[in-house]
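The values are calculated or read from the model by the stated rules, or taken from the named source; none is laboratory data. The structure displayed is predicted, hence computed values, not measured ones. Cβ placement follows ideal geometry from the backbone for every residue including glycine, while neighbour counts extend to all protein chains displayed.
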């Protein structure tokens, strides 16, 4: 089925519409927040952003998802998920008000980053509760359609929120007070998601009571053992493990490309004009978002025509060749084109990774498999930013970094093709 057809099917359910609305409002707020943090961390006029500071900022944005991911399931399987969706926005809103006050008071950056980490930690908890709640609001025969449309819609709305954040910054200004106002608006908007969640019955989203379920403290101790067991299970399913590895490789190269783009816009393309740099990188984000959405439309057709294994190989190889070709001239037009190319390729690989894990991994291991997935998805991105901090020159113009990105994509495509079995496309 197409994205539009899937969406039309699942929106018939009233409870799904409420949960879906909760997700869309929260992720719209998250886009505004991410833009505010990006502008403050990387494009404040008074800051001299370095590649090391970019790595630190990206770590703040993504590490909570890697560190907390395996453990949040312990609690969302024990606490009322509807109550999590009601209470978490209030906690996050309070933390955003605190962060806004810290920015307005011009406190040292590490203090602000600590508050931002708290905001993102709460958000990770919230998103995990949303994912676990989905099977409770759609029939089993519509769950696949619901899984197809909800993450994609959330990502698109996050891009929209990012764009609204850009427009609000144009109104409020790029100084500390303007950033503080963005954070306050993000917190207020996020609070609306709690109002939507409150319209659902408290018991609707689970979890069901299970007297045999281990206590939370015991379950936390078992998490790491469970992850190791899940990793061993994944290794025995070659295609699922290889496709997850392809996704991790893309995230590493994409993290390097992000750090490269930020420094290039900050110093090489704009000669230190922070506002022009932020506008430039926002265009890259927009073209990347268009690429994400296009991947959603073409990947079902492409995997049916070529198989998942061939489409992942094509996506990785195309990303390496095309991104290098448009970036190497180091012209302003090249980065938005590269953003589009990497958006299409990256989302294509992610959709394929989601599909192979859900298709091949046994149900009892799925939770652990997706915990490993989340850790790789965000951890590789941060690791790449750390490498960029070590190799990027002050103005960002680095042929070596572009060569590493291009070679990484091409080698990943080759390795993936060698590891995965050959499949024949299904007859059409």
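Points to keep in mind about this one:
- Residue list for region 319-329, filter: touching a helix residue (DSSP H, G or I) at 6+ places or on another chain (Cβ under 8 Å) and surrounded by fewer than 16 Cβ atoms within 10 Å (Cβ to Cβ): 321, 328
- Of all residues in region 26-47, none are modelled with pLDDT of 85 or more and part of a loop (DSSP other than H, G, I, E, B).
- The helices (runs of 4 or more DSSP H) falling completely within region 209-309 that include 1 or more residues that are over 30 Å from residue 80 (Cα atoms) and modelled with pLDDT of 90 or more map to 238-263, 274-306.
- Flag for residue 316 being in contact with a helix residue (DSSP H, G or I) (Cβ under 8 Å, 6 or more places away or on another chain), crowded, with 19+ Cβ neighbours inside 10 Å, farther than 27 Å from residue 60 by Cα and without any contact (Cβ under 8 Å) to a residue 24 or more places away in the chain: no
- Conditions (1) touching a helix residue (DSSP H, G or I) at 6+ places or on another chain (Cβ under 8 Å); (2) over 29 Å from residue 32 (Cα atoms); (3) in contact (Cβ under 8 Å) with a residue 40 or more places away in the chain: number failed by residue 307: (1)
- Selection count where residues are under 28 Å from residue 418 (Cα atoms), in contact (Cβ under 8 Å) with a residue 60 or more places away in the chain and surrounded by fewer than 20 Cβ atoms within 10 Å (Cβ to Cβ), scope region 236-281: 3
- Residue list for region 105-119, restricted to those being in a helix (DSSP H, G or I) and surrounded by fewer than 23 Cβ atoms within 10 Å (Cβ to Cβ): 109, 110, 111, 113, 114, 115, 117, 118
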